[in-house]
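Following: one structure in structure tokens, then a few remarks.
Derivation of every value follows stated rules applied to the coordinates shown; laboratory data play no part. None of the values given here were measured: they were computed from a predicted structure. Here Cβ is always computed from backbone atoms with ideal geometry, including for glycine, and neighbour counts include all displayed protein chains.
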Amino acid sequence: MKKLILALSLAGFAALPALTPALAQEADFAKVDANADGMVSMEEASAAGWTWSEDDFKAADADGDGALNAEEFAAAAG
């Protein structure tokens, strides 16, 4: 029984690196989204240190609403 628990624990720890990039992107989005409205504006991105040009930002804004949602941000940051 102890060996089974140990094996399952090790397997769980081995899976953590696969989750880390997704969690890091969510944390980055939350930090950049200064007003917590669920969108990142060009101003918020610049204030957070992202060096996207206006053209880069517009290209990342897939739905053309002038801000990046979490998915658009993750794609641009990735």
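Taking Cα centre as origin and charging only the Cβ of basic (Lys, Arg, +1) and acidic (Asp, Glu, -1) residues, the dipole magnitude of segment 20-77 rounds to 220 debye. For segment 20-77, the ratio of Cα radius of gyration to the globular rule of thumb 2.2 N^0.38 Å stands at 1.00.
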